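See structure below.
The values are calculated or read from the model by the stated rules, or taken from the named source; none is laboratory data. Source: prediction; values computed, not measured. Neighbour counts run over all protein chains shown; Cβ positions are idealised from the backbone, glycine included.
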Amino acid sequence: MEHVVYKSLTSWGLPFLAEPEEVSALRSLVRTHLEAWGFQEFIDSAQLCVSELVANVITHIGRGTPAHLAVLLNGTRLRIEVRDPDARALPTLLESSDDAEGGRGMALIDALADRWGVELHGDCKVTWCELVTVLAAPEGHTGGARGARAAKVLSFYGESEPCTTSRRSRLGSMAAEATAIDVIADLLHWLQAHGHDADDILDRAQTRFEAGLDAARALR
């Protein structure tokens, strides 16, 4: 596989030849990029979706077909796309009771993904699926691994889980903010009770937060 990759903070992709031996390399690349984005919990599902989308090209269009894989963040969704040059061979979703072998891959994708579909573009098509991420903020930015840890803390801290999706209400947003403030305040009290300088810790945390923002902007 020729690893000619385009990538940014929220997307990457590469061309490949649809061969069975390429699937393992593609799965490995998906793991690497999702780990870098802080989406460890979606790795297994994303890898299975990639395997089935590529297998669909191999089975229904042919081995050696030039194709293209892309993974990107589409708002609050992790989107996986496979482009191939045949706009006539469309993937089919079979009923689970059907005894036929074909179409099982799309049934798996239908079970794993929040939604999937096919886009036709003249002499090619894009088969895609999307996994919902609960770590995305309204503007589409994610907190990565740090955001995941914070979401877990917030979900266990209060009586109700703070809303973390882009469709959260103003009331839900205010409740989540209040819970986060309580967590920060309690952590500062705990630090002070154990002999630490709470103001110094807060300053260092702010510095680390701003450094993370600067690093994210540099990758755009």
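Some notes on this structure:
- Checked against the criterion of being under 13 Å from the mean Cα position of the chain (by Cα) and buried (at least 17 other Cβ atoms within 10 Å of the Cβ), region 15-30 has at least one qualifying residue.
- Residue check, residue 15 modelled with pLDDT of 90 or more and assigned to a loop (DSSP other than H, G, I, E, B): no
- For region 20-51, filtering for residues that are closer than 14 Å to residue 67 by Cα and either among the polar types (S, T, N, Q) or in contact with a strand residue (DSSP E or B) (Cβ under 9 Å, 6 or more places away or on another chain) (or both) leaves 4.
- With respect to (1) within 16 Å of residue 109 (Cα to Cα); (2) assigned to a helix (DSSP H, G or I); (3) modelled with pLDDT under 95, the lone exception for residue 50 is condition (3).
- Region 180-198: number of residues that are assigned to a helix (DSSP H, G or I) and either exposed (fewer than 11 other Cβ atoms within 10 Å of the Cβ) or of a type outside the set (D, E, K, R) (or both): 13
- Exactly one residue among 105, 38, 75 is modelled with pLDDT under 95, of a type outside the set (Phe, Trp, Tyr) and over 16 Å from the mean Cα position of the chain (by Cα), and that residue is 105.
- Matching residues, region 53-76, being surrounded by fewer than 19 Cβ atoms within 10 Å (Cβ to Cβ) and part of a strand (DSSP E or B): 65, 66, 68, 70, 72, 74
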